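Notes follow once the structure below has been shown.
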Amino acid sequence: MGEYVRVCALGEVPEDGALHVDIGDTPVAVVRACGEVFAIHDVCSHADVPLSEGDVEDCTIECWLHGSRFDLRTGKPSGLPAIRPVPVYAVRVDGGDVLISLTDSPDSSDSPDSSQEPSA
Ligand code: FES
């Protein structure tokens, strides 16, 4: 198990919104979406802009600059122009605190290959 760091109180993260935090030198967007809390690297993979300033919708966060959407569970972009995934981090909610590990991979109990949905 990696080391979990308390980054903020759960109440500081808006519902269907994001909060920027820094863990050491690593910028992280803490995101509440679809009833869960996610952590995604707070830099778009297309250009150097923070994802935490984008819109959150349906377990994705949208890059405000060119509109690529990233799946908060996998970090994968679902639309151009971004083609590379953004790292996602493991999150724990402990009482009212949000804890993040930069070294643990997020719990993905469902297999990564079977959860692909075709996007029309
Ligand atoms: S900078 Fe994010 S999609 Fe272009």
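The values are calculated or read from the model by the stated rules, or taken from the named source; none is laboratory data. Predicted, not measured: the structure shown is a model, and the values here were computed from it. Cβ placement follows ideal geometry from the backbone for every residue including glycine, while neighbour counts extend to all protein chains displayed.
Applying the set (1) touching a Leu at 6+ places or on another chain (Cβ under 6 Å); (2) modelled with pLDDT under 95 to residue 79 leaves exactly one unmet item: (1). Name the residue that is surrounded by the fewest Cβ atoms within 10 Å (Cβ to Cβ), counting only residues in the stretch 1-43 that are assigned to a loop (DSSP other than H, G, I, E, B) and charged (D, E, K, R). Per the criteria, the residue is 25.
Okay, residues lined up against (1) basic (Lys, Arg); (2) assigned to a loop (DSSP other than H, G, I, E, B); (3) away from the ligand (no atom under 11 Å from the Cβ):
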site	(1), (2), (3)
45	no, yes, no
67	no, yes, no
75	no, yes, yes
80	no, yes, no
85	no, yes, yes
90	no, no, yes
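Return the only residue of 31, 49 being in contact with a Cys (Cβ under 8 Å, 6 or more places away or on another chain), closer than 28 Å to residue 3 by Cα and either in contact (Cβ under 8 Å) with a residue 12 or more places away in the chain or near the ligand (Cβ under 8 Å from one of its atoms) (or both).
49
Every condition in (1) touching an Asp or Glu at 6+ places or on another chain (Cβ under 7 Å); (2) at pLDDT 95 or above is met by residue 2 except one, and the failing one is (2). For residue 70, the criteria (1) out of contact with any helix residue (DSSP H, G or I) (no Cβ under 7 Å at 6 or more places or on another chain); (2) at pLDDT 95 or above hold in every case but one, which is (1).
Can you find, within the stretch 47-65, the residue that is surrounded by the fewest Cβ atoms within 10 Å (Cβ to Cβ) among those that are part of a loop (DSSP other than H, G, I, E, B) and aliphatic (A, V, I, L, M)? Even if it seems obvious, please write down each step before you answer.
Initially, the stretch 47-65 is screened for residues part of a loop (DSSP other than H, G, I, E, B), giving 47-50, 54-55, 58-59, 63-65.
Cutting the leftovers down to aliphatic (A, V, I, L, M) gives us 47, 49, 65.
Values: 47: 11, 49: 15, 65: 17.
Among those residues, the one meeting the criterion is 47.
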